[in-house]
Amino acid sequence: MDTKMAWRNIWRNRRRTFLTMTAIAFAGALLVFMLSFQFGSYEVMINSAVKIHTGHLQVQAEGYNERKDIRLVVPDPEAVAAVLEKTPGIEAYTFRATTFSLVSSRDRTYGIAVIGIDPKGEARVSTISDIIREGEYFSDDATSQALVGELLARNLHVRPGDELTLLGQGRDGSIAATVVAVKGVYRSGQDEFDRGALQIPLALFQDVFAMGEAVHEVVALCTSLGAVPEAKGTLSAALTRLNENRPLVALDWKELMPGLYQGISIDLISGLIMYVLLIVVVAFSILNTFLMAIFERTREFGVMMAMGTTPGRLTKLLLMESSMITIFGIVGGMIVGGLVTWYFQVDGINLGGDVSEIMREFGISGRLYPQLSLLSLSFGPGAVLIITLLTSLYPALRVRRFRPVEALTYV
Amino acid sequence: MHLQLAWRNIWRNPRRTTIITIAVVVGVWSMLVVGALDRGMIDQMVRNAIATLTGDIQIHHDGYRSDPVIENSIADPKDVHNALARHLPEGSFWTARVRVNAIVSNARYSTGVTLVGIDPESEARVSFIKTAVVDGHYLASDDTTGILVGRALVDKFETKVGHKLVLMSQDTEREIASRAFRITGTFRAELEATERQFVFVNKAAAQEMLKAGNGISEVSLFLPDHETVDMVRDKLKASLPPAYEVETWRELLPIITAYLSIMDSWIFIWYLVVFIAMGFGIVNTMLMAVFERIREFGLLTALGMKPWWIIKGVLLEAFFLLIMGMAVGNAFGFASVFILNRTGIDLSALGAGAEYVGLPRVIYPTVYIQDVITANVVVFVLGLLITIYPAAKASRFTPVEALAHI
Amino acid sequence: MSIVECKDVKKAYRQDHLFVQALGGITVTVARGAFVAIAGPSGSGKTTLLNLIGGLDTADSGRITVDEKTVTSMRQSELAVLRLYKIGFVFQSYNLIPVLSALENVEYVMLLQGVPQRERRERACSILDEVGLKEMYHRRPAELSGGQQQRVAVARAIVSNPSIVLADEPTANLDSKTGKELLQLMEKMNEEREITFIFSTHDQMVMDYARRLIILRDGLVTDDRSRDP
Ligand SMILES: Nc1ncnc2c1ncn2[C@@H]1O[C@H](COP(=O)(O)OP(=O)(O)OP(=O)(O)O)[C@@H](O)[C@H]1O
Ligand SMILES: [Mg+2]
């Protein structure tokens, strides 16, 4: 009967209840959409960075990530590969070696990062084989060939077929030099990458830079972002048993790209601060509704108390009423927010010139697709729910201070 | 009389009036503070970028920007000097630089950098570098072997002031030129990327190393009044041969320009969203207020009060609520921005993340008068607009309705 | 045997600078099964006395016992329980919970007492039949006349067989015919169920129904007489 009473009570003033629900729904829907939007862009950012740069997990020699010293190697990559094969949650892996080197074309010389990649493995882990704009990706038995980013190709004045000279220092300190032919030109959309790196086959790299069998990074892709922590744990444990003379470490994408991870956190936090401000404004604007509900009905509460209704029961009734309003608002907000998000999720959002330009800076090109997920659907409305219920606590507890006589004589 | 009546009416229920006023206060406050934070952030980003090396305007040889090599330099800067002498407003500063990609190395490490050859004296007036030196000292004008390096690079190279570095770059004859320098000082910059990217030597040393003669890569200038940027650019452009590119910082920093251009709409959207959130409260509160007095309004109508007067009365009440909320909200908003502006919001603890999203190390929230006006107009005008609904309701209560209402 | 005992009950109201001695030392006992009217001019303290007996308000001094329980020393929560089981209230107006139907209003008391659903329904129906509202189970208060509402209030007050029903001017809002019918109803309940009724009134007709009449003036009992049976 309490439920029935609460239900009927909230509809005593349809207009007011409806407006309150709409206010809550508005906040809920907005948050669903915004969070889906943010999560969607984070996912794209992470995926594109992971696919182009680091993979989800890497095995490196300890200290390599900070110093990028050519001497800090993974001496026996096949042993690590054997471990990865047995690690659950790993989808694919590949080997890479990297060093800084001078690259000269006929006209130009630049200092850039030269990356040795395993043609077969790389194609499974990174997107590079899919983003070749000119020329072709490496064949499996590629030898003296190179892939260059679009901007680097422009800077060096080269096209597929042109020759490049690499000049650097081998792992043993010797001079390392070779000539490669440009096989393909790629565009990742991330300027820094397209301007600052050049890929050659791993075998050639190992040969030229005196690496032997060693590599610098064993790059692994997990089945999903969520599978990373567990895979990392398993991997770390297995690596300690490998018994290399210099310990190997497993690093995840957050450690490999701290800027990306923290940047996302900052964006999320600053978003959350704004959402909290918004919810507080909503809370104050609906507080009146909840408060009025008790002052208008003071005499009624007096009668109920005279009948023996305890203050606790009145509190319960009021909380039930505000929860009903809140829950209806929240559910409405989730539905509207979900539908709007879903609509854009299918079609994508075109944010227009200036915004796209900024997004491109973060590795998001073209349309943006918000990602409706359980988290984005529930987090915002959850926060609204909590703050709204806290708001309704004040009137609901205020009613405990009512004394029957005063309530009965209240005008 | 009307005013007095409306004022007394809103204080018939002080609790309700207080609560809705608080809603408006929180709303207006958050509008101003978030707006000021965003403005302060972008202003700081612009200032940093301009001070780092951009300046207000840059002049290049027209091939340089797409292919920044020594070959594409301004071989004889005389034309530029003349144009600058004629068109620069009083109080401007300018400096000429050699700026090319290079490789820096020591015994253990090597990496790609941007080599900047500067004229220490004029550079000090245009860019950040002189004040950014933290260890050692700034370049002397006659020091042709000194080099300034960023702190991050020094750390990475495990080196320090007094030690040697070798620079390599392609000279005008397309040969690899190399030369040893001694670190005279290290600098800190707003962004770690800047510390890793740039090394500074004397312009004459760079020209000699690259066999560039008198050639320079760019001229960067700093105007006393930033509003005149476009005008100065046009004048310089007109007086220089077409082989020169003259660009303002807006053209040189497309990302920041993009941020700037979406700022206005972004802030406006935030204002609207906050307003909608409190708009529900305003409408609800006013509805309650008029329904409570339904008998009163019914009676007034019965007495022949014109509907318009009733509408006016209700609007006046909303007017007071809004004005109070706005006054206090603005006061709090200004106060918090003032305090935050004094202390600045230090984001350096956020480290790499702040750098990744391009945030400066310290944000000084800045109130833009245009934002304050927009925020208040939004709240006031839309606030009154939505009150028309309860006001119209009140004007249409018939005496019968009024009496039927308990 | 007495059901209500008041011993030198005093109550004053202080509001701002105003000090009103509403009750100046009341001593009365009411026997079980009595049908008592409290009369007196406006402001004489009738409502105050009923509120104190019902535990809605607390006395400044003196002692009140209801059914051998000392009301004056009880805490709020104990008073709520006392009101729930021992006391029924009927007020002048605004008696019913507006969102509940007649039947539900009656059931509500039993709900608070934890009476099972089915029994609740049966008892509520039979009591409504008894007060003559057979056709009106599902009407909301707003759809009932004032007299009908007061009948529902009486039904609600007695449905859980309290020891005592306190009614503050139950007929004041009714015309004399309806008021009379309500009094007859209360009298019937008093006789059939042996529930004590104490009601306040201004109305001579109502006073005539009472078997005992207590007159208050300025917070003191000035007359107390019983009608011969
Ligand atoms: N809450 C209060 N605050 C201050 N004074 C009060 C309060 N309630 C009652 N009084 C005063 O106490 C006295 C007794 O009031 P009470 O309501 O008991 O009278 P009453 O006999 O019921 O009158 P009526 O016939 O008009 O209902 C009156 O003088 C009244 O003004
Ligand atoms: Mg009275």
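The values are calculated or read from the model by the stated rules, or taken from the named source; none is laboratory data. This structure is a prediction, so every number in the text was calculated from the model and none was measured. Because the Cβ atoms are built from the backbone with ideal geometry, glycine has one as well, and the counts that use them run over all protein chains shown. Side chains included, ligands, DNA and RNA excluded: accessible areas come from the protein's heavy atoms. Shrake-Rupley method; radii C 1.70, N 1.55, O 1.52, S 1.80 Å.
Just a few scattered comments:
- For B:F334, solvent-accessible area (1.4 Å; no DNA, RNA or ligand), Å²: 80
- Mean Cα-pair separation over length for chain A, i.e. relative contact order, pairs under 8 Å, 6 or more apart, %: 28
- Anisotropy class of chain A from Cα gyration tensor, a/c 1.5 cut: prolate
- Pairs beyond 29 Å (Cα-Cα), from A:K4/C:K69; A:K4/C:K180; A:K4/C:K86: A:K4/C:K69; A:K4/C:K180
- Calculated from backbone phi, Karplus (6.51, -1.76, 1.60) coupling profile of region B:100-114 in Hz, x at Gly/Pro: 9, 6, 8, 10, 10, 8, 10, 4, 9, 10, 8, 7, x, 9, 9
- At R0 = 45 Å, FRET efficiency that the Cβ-Cβ distance of B:S141 and A:D162 yields, to 0.05: 0.60
- Rounded to the nearest 20, the size of the Cβ-charge dipole of region A:63-246 about its Cα centre is 360 debye, with Lys and Arg at +1 and Asp and Glu at -1.
- Solvent-accessible surface, computed for protein heavy atoms with a probe of 1.4 Å, shrinks by 20 Å² or more for the following residues of region A:384-411 when the other protein chains are added to the isolated chain: A:R403, A:P404, A:V405, A:L408.
- Relative to the longest principal axis of the Cα atoms of chain C, the long axis of helix C:176-193 lies at roughly 90 degrees.
- In the A-B interface, the accessible area buried, summed over both sides, Å² (probe 1.4 Å): 4900
- To the nearest 10, the accessible area of B:F275 is 10 Å² with a 1.4 Å probe.
- Cα-Cα pairs of region B:1-115 separated by more than 25 Å (percent): 60
- By the Kirkwood approach, averaging reciprocal distances over each pair of separate Cα atoms, region C:2-226 gets a hydrodynamic radius of 17.8 Å.
- Region B:57-222, dipole about Cα centre (Lys/Arg Cβ +1, Asp/Glu Cβ -1), debye to the nearest 20: 400
- Helix runs (DSSP H) in chain B reaching 24 Å along axis by Cα, Kyte-Doolittle at least 1.0: B:254-292, B:307-343
- Overall form of region C:1-86 per C-alpha gyration tensor (a/c, 1.5; a/b vs b/c): oblate
- Share of carbon and sulfur in the accessible heavy-atom surface of the protein assembly as shown [1.4 Å probe, %]: 56
- Around B:I267: net Lys/Arg minus Asp/Glu count, Cβ-Cβ under 12 Å: -2
- Rounded Å value of the spacing that divides the Cα centres of region A:372-411 and region A:282-316: 11
- Between A:E192 and B:R108, the distance separating the two model label sites (each 7 Å from Cα on the Cα→Cβ line) works out to 2.4 nm.
- Neighbours of B:T257 by Cβ distance under 11 Å: Lys/Arg scored +1, Asp/Glu scored -1, total -2.
- Sites B:H2 and B:A392, calculated FRET efficiency, Cβ-Cβ separation with R0 22 Å, nearest 0.05: 0.80
- Region A:171-286 - accessible surface per residue (Å², probe 1.4 Å): 41
- Over region B:1-61, the hull volume per residue, using the convex hull of the C-alpha atoms, is 119 Å³.
- Top positive-direction residue, dipole computed over region A:246-299 with Cβ charges, set A:S270, A:F295, A:M257: A:F295
- Our summary gives chain B a relative contact order of 27 percent, counting only alpha carbon pairs under 8 angstrom and 6 or more residues apart.
- Taking one quarter of the surface of the convex hull spanned by the alpha-carbon atoms of chain B gives a direction-averaged projected area of 26.1 nm².
- To the nearest ten degrees, helix C:117-130 and the longest principal axis of the Cα atoms of chain C are 80 degrees apart.
- Spatial offset of region C:84-152 relative to region A:165-227 amounts to 86 Å, using the alpha carbon center of each.
- B:R125 contributes an accessible area of around 130 Å² to the protein surface, as traced by a 1.4 Å probe with all chains present.
- In the context of the full set of protein chains, region C:2-226 has a per residue accessible area of 43 Å² (1.4 Å probe).
- Each other residue within a Cβ distance under 14 Å of C:P41 adds +1 if Lys or Arg and -1 if Asp or Glu, for a net charge of -2.
- Proximity of backbone amide H atoms, modeled 1.01 Å from N, is registered between A:G149 and A:Y186, A:A197 at under 5 Å, excluding neighbours fewer than 5 places apart on the same chain.
- Pairs of Cα atoms nearer than 8 Å and 6+ residues apart set the relative contact order; for region B:57-222 it is 36 percent.
- Euclidean distance between Cα centres, region A:79-135 to region B:241-319, Å: 54
- Pairwise burial A:C, computed as accessible area of each alone minus the pair, summed, 1.4 Å, Å²: 2300
- The Rg/Rh ratio for region C:95-223 is 0.99, where Rg is the radius of gyration of the alpha carbons and Rh is the Kirkwood radius.
- Residue with peak Gaussian network fluctuation, chain B [Cα springs, cutoff 10 Å], from B:S220, B:S127, B:S348: B:S348
- In this rough spin-label picture, where each label sits 7 Å from Cα along the Cβ direction, the B:E90-A:A227 distance is 7.2 nm.
- What you get for chain A, charging only the Cβ of Lys and Arg (+1) and of Asp and Glu (-1), is a dipole of about 2860 debye around the Cα centre.
- Annotation: region B:57-222 has a Kirkwood hydrodynamic radius of 16.0 angstrom, from the mean reciprocal C-alpha pair distance.
- Candidates B:S66, B:S217, B:S141, ranked by Gaussian network fluctuation over chain B, Cα under 10 Å, top entry: B:S66
- Three-way shape label, region A:62-190, alpha-carbon gyration tensor, a/c 1.5: oblate
- Taking every full run of DSSP H in chain A, the ones that stretch at least 24 Å from end to end by Cα along their long axis and average 0.0 or higher on the Kyte-Doolittle scale are A:14-49, A:258-296, A:311-347, A:374-398.
- P(r) of the protein assembly as shown over all Cα-Cα pairs, binned every 20 Å from zero, in whole percent: 11, 29, 24, 17, 13, 6, 0
- Beta bridges from DSSP with both residues in the protein assembly as shown: antiparallel share about 75 percent, rounded to the nearest 5.
- The DSSP beta bridges internal to chain C are antiparallel in roughly 55% of cases.
- GNM flexibility winner over chain B from B:Q58, B:Q44, B:Q170 (Cα, springs under 10 Å): B:Q170
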